[in-house]
1. Enumerate the helices (runs of 4 or more DSSP H) found wholly within the range 1-100, keeping only those where 1 or more residues are out of contact with any helix residue (DSSP H, G or I) (no Cβ under 6 Å at 6 or more places or on another chain), modelled with pLDDT under 50 and open to solvent by 60 Å² or more (accessible area, probe 1.4 Å).
2. Any residue in the range 104-124 that is modelled with pLDDT under 90, part of a helix (DSSP H, G or I) and buried (at least 16 other Cβ atoms within 10 Å of the Cβ)?
3. Does VAL160 fit the bill of being open to solvent by less than 70 Å² (accessible area, probe 1.4 Å), farther than 20 Å from VAL104 by Cα and at pLDDT 90 or above?
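The values are calculated or read from the model by the stated rules, or taken from the named source; none is laboratory data. A quick note: this is a predicted structure, and the numbers were derived from the prediction, not measured. Cβ coordinates were reconstructed from backbone atoms using ideal geometry, including for glycine residues, and neighbour counts include every protein chain displayed. Ligands, DNA and RNA are excluded from the accessible area calculation, which covers all protein heavy atoms including side chains. Shrake-Rupley method; radii C 1.70, N 1.55, O 1.52, S 1.80 Å.
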Amino acid sequence: MRHDLKLPRLYKTLLMLALVFGPFYWLAFTEDGQRRTDLALMFLLGKPELNAALDSFTSALSEGQIRETFPKLVFQCADGANPFGDRLCAAEIGAFNGLPASSVTLFLVGDGLRAVKVSYRRIYHPLVRDWVEGRVGGVDDARASEEGEETGDGVATWTVPDGLLIMRDGELAREDDPALFWLSGAALARQAAARAPDQAPLN
C-alpha cells in the first residue's frame with residue numbers, strides 16, 4: 001500500500017515560519033540571543049574586547065603595562081585632577097569578558113593605576129553582577145549596608161586583594177550609570193584622606 005507523504009500546504013507554511021521566525025525570536029527576544037547579537041554587532045563595528053580579571057588588578061600596574069596587555073584598545077588620555085588621581089585614559093570597547101560594553105576608563109597617578117571604570121549596557125547589569133560573584137563570591141553585606149546608609153543609594157561591594165569592586169545594587173534607576181568600578185587600596189586611602197576634616201596642628 002502506497003502512503004501519501006506529501007505535506008499539506010498549510011503545514012509547510014507553518015514549518016517555514018517556524019524555521020525562520022524561531023531563530024529571529026531567539027536573537028531578538030531572549031537574553032542570550034540579544035547578548036550574542038550585540039556582541040556580533042560590536043565585532044562588525046570593530047570594537048575591541050576587554051578580557052580582564054579586574055579582581056586581580058593592583059596599584060603596581062602602570063599605564064604602559066595596561067597598553068601592552070591590551071594593545072587593541074585605543075586610549076585617549078588627559079592630565080588633570082580627578083577623584084582617583086591626576087590623569088585618566090579612556091577607550092571604547094565592544095565587550096567586557098563576553099558581555100557587551102561601551103568603554104573602559106583608567107584613573108592614574110602619574111603612570112600608576114589607581115582605579116578602573118567599565119561602562120556597559122544597562123540591560124546587562126545583572127549579568128555583570130553574576131560575573132563578579134562568579135569571580136569573588138557574595139557581596140560584602142556589612143560594607144554595602146554602611147555605604148547605603150551613608151549615601152542613600154544601594155551599593156554592592158566586594159573585597160579583592162587590592163581594594164574593592166563596586167557597582168550599583170539591584171535594579172538601576174534611570175539616572176544611574178551602568179558601570180563596574182575597581183578601586184585600589186591606594187585610591188580608597190586617597191579618598192579617605194580627602195574626606196577627613198582638617199585638623200589644626202597641636203601646639
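1. Values: elements: 9-29, 31-44, 63-69.
It comes to 9-29, 31-44.
2. yes
3. Numbers: open to solvent by less than 70 Å² (accessible area, probe 1.4 Å): yes; farther than 20 Å from VAL104 by Cα: no; at pLDDT 90 or above: yes.
Considered against the rule, which asks whether it is open to solvent by less than 70 Å² (accessible area, probe 1.4 Å), farther than 20 Å from VAL104 by Cα and at pLDDT 90 or above, VAL160 comes out as no.
Yes/no per residue for (1) at pLDDT 95 or above; (2) surrounded by 16 or more Cβ atoms within 10 Å (Cβ to Cβ); (3) closer than 22 Å to PHE84 by Cα:
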| position | (1), (2), (3) |
| --- | --- |
| GLY134 | no, no, no |
| GLY138 | no, no, no |
| ALA144 | no, yes, yes |
| GLY148 | no, no, yes |
| THR151 | no, no, yes |
